[in-house]
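One structure is given below, encoded as structure tokens.
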Amino acid sequence: MIEKWKQKIKCKILKRCLEQNDINKTQLQQIIQEGAILIDVRSPQEYKEEHINGAINIPLYEIKKQIKTKIPEPTQKIIVYCDKGGRSKKAQKELEKLGYQKIYNLYGRTRRITKITLLLNKNMVK
């Protein structure tokens, strides 16, 4: 019981663990190959500066308004990402509330998007 609480504290305070449906950079490629759609939930300016090729930009503050028109199927696999993981975690929870069932949050810092895309394809950064 104490170990469970220690783990919970570590996750909540230190942000050092994967939660359910969080994926790491290694798992990203597999889920994309399964047909997942990438959503960059950062601001349009951040998206313009650099993003994973093929990702669509729906800022966190627009997710409720835009998601049904951009991705109408609630069973579609979706990967959300941002810079540090805070906005994408919020987007993941919001999409789950809206009825989307297969939402994955790219865990960890994604500030160096070019490093992530090297795992996928050398030409994926736009």
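Couple of notes before you dig in:
- Flag for GLN76 being without any contact (Cβ under 8 Å) to a residue 24 or more places away in the chain and either within 15 Å of ASN105 (Cα to Cα) or in contact with a strand residue (DSSP E or B) (Cβ under 8 Å, 6 or more places away or on another chain) (or both): no
- Some residue of segment 46-66 being basic (Lys, Arg), at pLDDT below 95 and surrounded by 14 or more Cβ atoms within 10 Å (Cβ to Cβ): no
- So PRO72, is it closer than 22 Å to GLU34 by Cα and modelled with pLDDT of 95 or more: yes
- ILE103, sole failed condition from (1) over 11 Å from the mean Cα position of the chain (by Cα); (2) modelled with pLDDT of 95 or more: (1)
- Here THR117 fulfils each of the conditions (1) assigned to a helix (DSSP H, G or I); (2) at pLDDT 95 or above; (3) crowded, with 18+ Cβ neighbours inside 10 Å apart from (2).
- Here LEU60 meets the list (1) touching an Asp or Glu at 6+ places or on another chain (Cβ under 6 Å); (2) closer than 18 Å to TYR107 by Cα; (3) of a type in the set (A, V, I, L, M, F, W, C) almost entirely, failing just condition (1).
- Summed over segment 60-88, residues that are within 9 Å of the chain's Cα centre (by Cα), under 21 Å from GLN29 (Cβ atoms) and not aliphatic (A, V, I, L, M) total 4.
The values are calculated or read from the model by the stated rules, or taken from the named source; none is laboratory data. Computed from a prediction, not measured in an experiment: that's the story for all the values here. Positions of Cβ are generated from backbone atoms using ideal geometry, with glycine treated the same way; all protein chains shown enter the neighbour counts.
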